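A short write-up of the structure that comes next.
The values are calculated or read from the model by the stated rules, or taken from the named source; none is laboratory data. As the structure is a prediction and not an experimental result, all values here were calculated from the model. Every residue, glycine among them, receives a Cβ derived from its backbone with ideal geometry; neighbour counts consider all protein chains shown. Calculation scope for accessible area: heavy atoms of the full protein, side chains included, ligands and nucleic acids excluded. Shrake-Rupley method; radii C 1.70, N 1.55, O 1.52, S 1.80 Å.
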Amino acid sequence: MGKRFLLVGGVFSFCLLALVCTRCGKKAEKPANAIMVWHWMTDRNDAFVKLAEKYEKETGVKVNFELYAPSDAYSQKIIAAAQAKVLPDIYGILDKKEIIASFIQSGFVADLTEEFKANNSAWEKSLFPKALSVNKFETDNIYHVKPGIYGVPIDVTNIQMLYNRKLLKKAGIDQPPVNFKEFLTAVQALKAQGITGLVSGWGELWMADCFASNYAFNIMGESRVMATFKGDVPYTDPDWIKVLSIFKDLQNKGALAEGIVTKANKFAEQDFALERAAFAFNGSWCVNVYHDMNPDLEYGAMLPPPINGALPMKIWGGAGSSFVVNNLSAQKALAINFLKWLTAKEQQAFLSTETRNLPANQEALTQIPEILSQFASSMNNTTHPTIWPYNEDALVIEAFDKGIQSIIIGEKTPEQVAQDVQTVKDRQMAKKRSKNKS
Amino acid sequence: MKINRYILASRLKSIVIHTFLILVSLTCLFPLFWMLRSSLMTNATIFVDKSLIPHEFNIHNYYLAWTEGNFAVYCLNSLIYTVSVVFGIVVVSSLAAYAFSRLKFPGKNIFFNMFLAAMMIPLPGSFVPLYVLMNKLGLVNTRIGYILCMINVGLSLSIFLLKTFFDKMPSDLEDAARIDGCSKLGIWRHVALPLARPAIAVIVIFNSLNVWNEYILATLLLNDKSLMPLQRGLMVFQGVHSVDYPLLMAGLTIAATPIILVYLSMQKHIIKGLSSGAVVG
């Protein structure tokens with residue numbers, strides 16, 4: 001027994017020692033002509049690796065893509081690596097703009113403004129402006145970051161309405177509706193055929209908020225939405241009642257899928273992919289999801305049908321995923337050159353086709369599948385809370401979103417919800433004022 | 001016919017208890033069954049076919065999961081990590097627990113309370129300092145760095161469990177061993193450790209589970225794919241927005257099988273370890 005114990009202990013100690021000897025103190029030697037990219041995009045890894053091989057053939061520069069997923073683990077790794085000053089040459093910061101700003105201020109992110117502006121802004125012009133704005137810090141930004149462009153979008157995303165061609169045809173509808181009135185008529189026709197109208201993951205409150213925000217921009221225009229956030233226009237304003245009434249109308253006309261207020265987006269995605277609903281409100285990532293669930297699904301993308309023809313329908317969108325360059329990297333120039341190459345038309349078209357994401361390069365639209373092209377062609381209609389000059393208080397947003405749910409389940413009227421939201425808004429404004437005074 | 005009221009009551013009680021236990025067992029086993037069932041389906045059928053037993057068995061998923069997930073390398077890594085970490089934890093925690101329980105030295109209580117306090121800190125809370133420390137020691141992206149960190153993670157609970165066990169060990173046994181010429185280390189090796197077998201079984205299974213399923217710390221400390229544990233293979237099937245459910249479920253089945261076998265093989269000891277703490281020696 002004693003001998004066996006010693007033997008096991010000895011073997012274990014030997015193994016540990018062997019592991020120490022093979023690894024300890026051995027600093028990974030990095031070739032001068034190689035760059036390291038840390039990313040979190042499991043579904044894009046294979047395409048990245050193929051592109052890296054192509055880049056090495058063309059330039060002789062080896063690009064190593066290291067995948068760390070899920071995104072939570074990746075974020076932890078980036079923060080830890082930043083603290084230890086061992087960030088790779090290229091990486092992404094999956095966090096709020098505030099955190100991106102702190103990375104920039106700590107000197108971990110290279111300012112790419114000059115690179116984007118070089119050659120008459122050729123690089124900047126090739127990309128969707130909305131995709132770049134997420135990576136941009138404007139003059140006098142609240143984070144006190146030197147104005148400039150700090151990140152490179154590799155794809156874009158936006159949230160739109162999807163329609164099932166087969167189901168619309170079944171209800172005798174040849175063309176998708178172009179305005180909200182037509183949409184309600186279409187939904188009635190679908191209902192007569194026993195087909196559910198609209199499905200969306202409104203159990204995830206931000207999606208319902210996004211839908212409402214689209215219509216707020218369409219009904220009252222950006223300036224009045226911002227004025228509301230500033231506190232100059234109350235939520236009891238008739239325009240906001242109109243926005244909230246959309247949900248009441250949709251519910252009254254039987255347009256919404258059953259249980260929509262508690263539906264997680266992945267279940268809403270299943271419903272649309274399996275042809276249980278004719279319309280969906282979802283992000284461009286759905287192309288990937290629908291393809292996996294039902295490759296034969298015949299569908300198209302369209303802007304949510306507007307109510308007010310006089311104002312544009314704005315949708316949420318912007319950069320999908322972005323990379324930044326490590327400012328402390330010895331291979332900074334190589335890293336920037338690689339990102340320029342990665343965001344060029346040909347590579348973007350390849351990446352988009354392979355991964356079914358929207359390209360960041362607007363010139364690549366002609367070379368990608370139709371559904372992606374439909375999504376991407378509305379990029380100029382996009383907006384996003386991260387680029388708005390004012391943002392609403394989190395508690396007000398919560399009250400607004402929960403109010404939408406109350407309207408859908410028939411618990412409250414749009415007027416009541418508007419009043420509730422305004423009460424929260426007044427309270428938060430008062431708090432803000434007293435904080436500013438002190 | 002006269003029915004014995006006592007027998008009736010006890011049978012009724014037994015039926016109620018067994019029905020309850022069967023229901024609890026079903027809730028525990030159903031996810032495993034669902035995983036197995038889903039692993040045999042295709043992407044086209046997984047969302048449509050609601051039957052408990054799939055109409056067609058797609059065993060090819062297992063081959064794809066094994067090859068696409070690079071499971072051969074990751075399985076070996078996980079095996080190395082699990083064996084090394086569990087062995088390390090058992091050796092270090094049993095020595096420490098024995099010392100905390102039977103030896104007298106200055107600061108004993110402070111040190112023990114520090115170990116207990118370490119149990120309260122969630123692992124993610126120590127990620128950044130751990131990474132910085134490992135980086136300074138040159139142990140980032142090394143097997144030994146990960147093994148040492150994981151040993152550290154499992155120590156607090158293991159020391160606590162073993163100390164409770166050793167506290168109840170009669171001092172007569174120690175005295176007898178001392179009369180027979182045992183040193184302090186000898187008493188630990190020949191008396192305390194064999195008696196603590198049930199508690200060690202609990203520690204082995206808890207820590208094996210913990211190490212086998214750990215992924216976040218591995219992602220943090222390891223960069224090379226060739227050093228990653230099994231859970232890394234499962235990530236391949238989970239896209240940012242979409243998931244390849246059949247392959248993921250096949251991968252999960254492969255990943256869960258060894259640990260289920262370990263659990264089944266040590267089941268008796270675990271129950272003993274959890275219930276027999278009061279009778280030592």
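Listed by first and then second residue, the pairs with beta-carbon distance under 8 Å, at least 6 apart or on different chains, first residue in the stretch A:30-47 and at the interface with chain B (Cβ under 9 Å from one of its Cβ atoms) and within 11 Å of A:ASN64 (Cβ to Cβ), second of a type in the set (Asp, Glu) and open to solvent by 20 Å² or more (accessible area, probe 1.4 Å), are A:MET36/A:GLU66; A:TRP38/A:GLU66.
Within the stretch B:116-131, the residues that satisfy the criterion of being open to solvent by 70 Å² or more (accessible area, probe 1.4 Å) and either hydrophobic (A, V, I, L, M, F, W, C) or more than 12 Å from chain A (Cβ to nearest Cβ) (or both) are B:MET119, B:MET120, B:ILE121, B:PRO122.
Considering only residues that are hydrophobic (A, V, I, L, M, F, W, C) and under 25 Å from B:VAL73 (Cα atoms), look in the stretch B:148-159 and name the one that is farthest from the other protein chains (Cβ to nearest Cβ). Looking at residues that are hydrophobic (A, V, I, L, M, F, W, C) and under 25 Å from B:VAL73 (Cα atoms), I get B:VAL153.
Condition check ((1) over 30 Å from B:PHE166 (Cβ atoms); (2) free of Cβ contacts under 8 Å to residues at least 12 places away in the same chain; (3) buried (at least 17 other Cβ atoms within 10 Å of the Cβ)) across all residues:
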site: B:VAL24; (1), (2), (3): yes, yes, no
site: B:LEU40; (1), (2), (3): yes, no, yes
site: B:VAL48; (1), (2), (3): yes, yes, no
site: B:TYR63; (1), (2), (3): yes, yes, no
site: B:THR67; (1), (2), (3): yes, yes, no
site: B:SER84; (1), (2), (3): no, no, yes
site: B:LEU95; (1), (2), (3): no, no, yes
site: B:SER101; (1), (2), (3): no, no, yes
site: B:PHE112; (1), (2), (3): no, no, yes
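Scanning the stretch A:221-234 for residues that are touching a residue at least 40 places away in the same chain (Cβ under 8 Å) and either part of a loop (DSSP other than H, G, I, E, B) or within 29 Å of A:TRP285 (Cβ to Cβ) (or both) gives A:GLY221, A:GLU222, A:MET226, A:PHE229, A:GLY231, A:PRO234.
Output the residues belonging to the stretch A:27-47 that are in a loop (DSSP other than H, G, I, E, B) and open to solvent by less than 50 Å² (accessible area, probe 1.4 Å). Spell out the reasoning first.
Keep residues of the stretch A:27-47 that are in a loop (DSSP other than H, G, I, E, B), which gives A:27-33, A:40-41.
Passing the criteria: A:TRP40, A:MET41.
Here A:PRO312 clears all of (1) open to solvent by 10 Å² or more (accessible area, probe 1.4 Å); (2) part of a strand (DSSP E or B) except the condition numbered (2).
Screening B:GLY145 against (1) closer than 23 Å to B:ASN210 by Cα; (2) away from every other protein chain (no Cβ under 11 Å); (3) open to solvent by less than 40 Å² (accessible area, probe 1.4 Å) leaves a single unmet condition, (2).
Identify all residues within the stretch B:54-113 that are assigned to a helix (DSSP H, G or I) and among the charged types (D, E, K, R); write none if there are none. Within the stretch B:54-113, B:GLU68, B:ARG102, B:LYS108 qualify. Looking only at the stretch A:235-257, decide whether some residue is in contact (Cβ under 8 Å) with a residue 12 or more places away in the chain, surrounded by 15 or more Cβ atoms within 10 Å (Cβ to Cβ), of a type in the set (Gly, Ala, Ser) and touching a Leu at 6+ places or on another chain (Cβ under 7 Å). Scanning the stretch A:235-257 turns up at least one residue that is in contact (Cβ under 8 Å) with a residue 12 or more places away in the chain, surrounded by 15 or more Cβ atoms within 10 Å (Cβ to Cβ), of a type in the set (Gly, Ala, Ser) and touching a Leu at 6+ places or on another chain (Cβ under 7 Å).
Scanning the stretch A:281-305 for residues that are more than 19 Å from A:MET379 (Cβ to Cβ) and within 14 Å of chain B (Cβ to nearest Cβ) yields A:VAL289, A:TYR290, A:HIS291, A:ASP292, A:MET293, A:ASN294, A:PRO295, A:ASP296, A:LEU297.
Being closer than 24 Å to A:PHE375 by Cα, touching a Cys at 6+ places or on another chain (Cβ under 6 Å) and open to solvent by less than 40 Å² (accessible area, probe 1.4 Å): is that true of A:ILE159 here? The answer is yes for A:ILE159.
Could you say which residue among B:ILE151, B:ILE187 is modelled with pLDDT of 90 or more, among the β-branched types (Val, Ile, Thr) and open to solvent by 10 Å² or more (accessible area, probe 1.4 Å)?
Values: B:ILE187 fails: open to solvent by 10 Å² or more (accessible area, probe 1.4 Å).
Matching residue, one of B:ILE151, B:ILE187: B:ILE151.
Looking at this structure, is B:LEU162 within 14 Å of chain A (Cβ to nearest Cβ) and assigned to a helix (DSSP H, G or I)? Here the answer is no, as B:LEU162 does not meet what is asked. Inside the stretch A:360-370, residues that are closer than 16 Å to A:ALA301 by Cα and either charged (D, E, K, R) or in contact with a strand residue (DSSP E or B) (Cβ under 6 Å, 6 or more places away or on another chain) (or both) make up a count of 1.
Across the stretch A:415-429, not a single residue is classified as open to solvent by 20 Å² or more (accessible area, probe 1.4 Å) and in a loop (DSSP other than H, G, I, E, B). Scanning the stretch A:48-76 for residues that are facing chain B (nearest Cβ under 7 Å), out of contact with any Ser or Thr (no Cβ under 6 Å at 6 or more places or on another chain) and either surrounded by 21 or more Cβ atoms within 10 Å (Cβ to Cβ) or without any contact (Cβ under 8 Å) to a residue 12 or more places away in the chain (or both) gives a single hit, A:GLN76.
Scoring A:ALA81 on the criteria (1) under 24 Å from the mean Cα position of the chain (by Cα); (2) crowded, with 21+ Cβ neighbours inside 10 Å leaves a single failure, condition (1).
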